[in-house]
Amino acid sequence: MTVCQEEDNDLRVTCPLRPKPNYHTEFEFSMSKGKREIIINTNVSGTMPEPSFRHNTYVEELEPYGFKLTMMRFTITENTTFMCKVSQEDKRLFVDMGREKN
């Protein structure tokens, strides 16, 4: 899993999880600041993203597998954990704002 701030001020999160064969692929991207988890984008029926992310995020499928979330004009300003779930599996990545970027 990677989180990358691009030069165009978009934030991209890649999720390398492989979907299960013969199963409708559901995905969910979320982030956690402190104890609050915020859904950013999902195709899970009955689950809605946070209203502030409904019109400025999109998800693309990656080849040979995985998904990429793009958050347009979004910058991380505090320590944040990003999560992605694909077909019931999940990955997490913590972004520490206290570290210098190399």
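Scalar couplings 3J(HN,Hα) for segment 27-40, obtained by applying the Karplus form with A = 6.51, B = -1.76, C = 1.60 to θ = phi - 60°, are 10, 8, 10, 8, 9, 10, 10, x, 9, 9, 9, 10, 7, 8 Hz; x denotes Gly and Pro. With the simple spin-label model, which puts each label point 7 Å out from Cα in the Cβ direction, the ARG18 to ARG92 separation comes to 2.4 nm. For Rg/Rh (Cα atoms, Kirkwood Rh), computed directly from the structure shown, the correct entry in (1) 0.95; (2) 1.10; (3) 1.04 is (1). Remark: ARG92, ARG73 ranked as ARG73, ARG92, counting other beta-carbon atoms within 10 Å and listing the fewest first.
Among LYS91, LYS68, LYS20, whose mean-square fluctuation peaks in a Gaussian network model of the chain (Cα, cutoff 10 Å)? Residue with maximal mean-square fluctuation among LYS91, LYS68, LYS20: LYS20.
Loop-resident GluC sites (Glu not before Pro) (DSSP state other than H, G, I, E or B) in segment 16-102 with no more than 14 further Cβ atoms inside 10 Å of their Cβ: GLU78, GLU100.
Largest mean-square fluctuation among SER32, SER87, SER45, in a Gaussian network model of the chain whose springs join Cα atoms under 10 Å apart, belongs to SER45. For the chain, the cysteines with no partner cysteine C-beta closer than 4.7 Å are CYS4. Given the options MET83, MET31, MET48, state which has the largest fluctuation in a GNM of the chain using a 10 Å cut-off (strictly under) for Cα springs. Top of the fluctuation ranking is MET48.
FYI, it's all coordinate maths here, none of it is from the lab. Note that the coordinates shown come from a computational prediction; the quantities given were computed from them, not determined experimentally. A quick note on method: Cβ atoms are made from the backbone with ideal geometry, for glycine too, and the neighbour counts reach across all protein chains shown.
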